[in-house]
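Have a look at the structure below before the remarks.
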Amino acid sequence: MAMIGNGAQSEFQTLAMKAICGLKSVRLYDIDPAATAKAARNLRGLGLEVVSCSTPEESMEGAQIITTCTADKQYATILTDNMVGSGVHINAIGGDCPGKTELAPAILHRSSIFVEYPPQTRIEGEIQQLEADHPVTELWQVMTRAVQGRRDAREITLFDSVGFAIEDFSALRVVHDL
């Protein structure tokens, strides 16, 4: 997994992915090298390969999961379209609000998008960049098997999360159990 943004929430998310999805390796990047050093120090010795990276591109080398965990609230593009290949899963998390976007719109158009609560996500999440009627799937529909999640190995899936961390953790546990 690539973890872009290495504040305290990134450590929780990394450990949740390890516990629930069997994550074995995390590649860390933050614009603040001290944040990366702290996250790396806190995650080492917990059964993960931890690699500190100097660019977001370097952090994404070989990643099957890309997690953006930033709090930049000025329409800052963290991931450009050419950085995201087929078959990856993206977790767009962090301090969401109107104006906080991390993904280039082209990535959104190529992804199957899953959300917790569409009305909130359309205001605060990545999908605020899209038309109001752009299709999204509510996560509960996948969790109850009313709707299929990933449909093929080349599909890009995006979880546009604007919930609370405990909701995210609970959702991960249910998905893992299913």
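The values are calculated or read from the model by the stated rules, or taken from the named source; none is laboratory data. Note that the structure is predicted; figures quoted are calculated from it, not measured. All Cβ positions, glycine included, derive from the backbone under ideal geometry; neighbour counts span all protein chains shown. In case anyone asks, the SASA skips ligands and DNA or RNA and just uses the protein heavy atoms, side chains included. Shrake-Rupley method; radii C 1.70, N 1.55, O 1.52, S 1.80 Å.
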In this structure, is Ile66 outside any loop (DSSP other than H, G, I, E, B), farther than 17 Å from Ser10 by Cα and in contact (Cβ under 8 Å) with a residue 24 or more places away in the chain? no
Quick one: in segment 1-22, of everything that is modelled with pLDDT under 90 and of a type in the set (A, V, I, L, M, F, W, C), which residue is farthest from Ser170 (Cα to Cα)? Ala8
Being touching a residue at least 24 places away in the same chain (Cβ under 8 Å) and under 23 Å from Gly85 (Cα atoms) is the filter; apply it to segment 143-156 and report the residue that is most open to solvent (accessible area, probe 1.4 Å). Arg154
With the structure loaded, tell me whether Arg41 is assigned to a strand (DSSP E or B) and open to solvent by 40 Å² or more (accessible area, probe 1.4 Å) or whether it fails that test. no
When (1) in contact with a Lys or Arg (Cβ under 7 Å, 6 or more places away or on another chain); (2) closer than 24 Å to Gly149 by Cα; (3) not in a loop (DSSP other than H, G, I, E, B) are applied to Gly87, the one that fails is (3)
For a quick check of your reading of the model, give me the residue pairs whose first member lies in segment 14-42 and is of a type in the set (Asp, Glu), whose second is surrounded by fewer than 19 Cβ atoms within 10 Å (Cβ to Cβ), with beta-carbon atoms closer than 9 Å and at least 6 apart or on different chains. Asp30/Gly7; Asp32/Gly7
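Scan segment 34-57 residue by residue and report those that are of a type outside the set (Val, Ile, Thr) and in contact with a strand residue (DSSP E or B) (Cβ under 8 Å, 6 or more places away or on another chain).
Once the filter is applied, which keeps residues that are of a type outside the set (Val, Ile, Thr) and in contact with a strand residue (DSSP E or B) (Cβ under 8 Å, 6 or more places away or on another chain), segment 34-57 yields Ala37, Ala39, Ala40, Leu43, Arg44, Leu48, Glu49, Ser52, Cys53, Ser54, Pro56.
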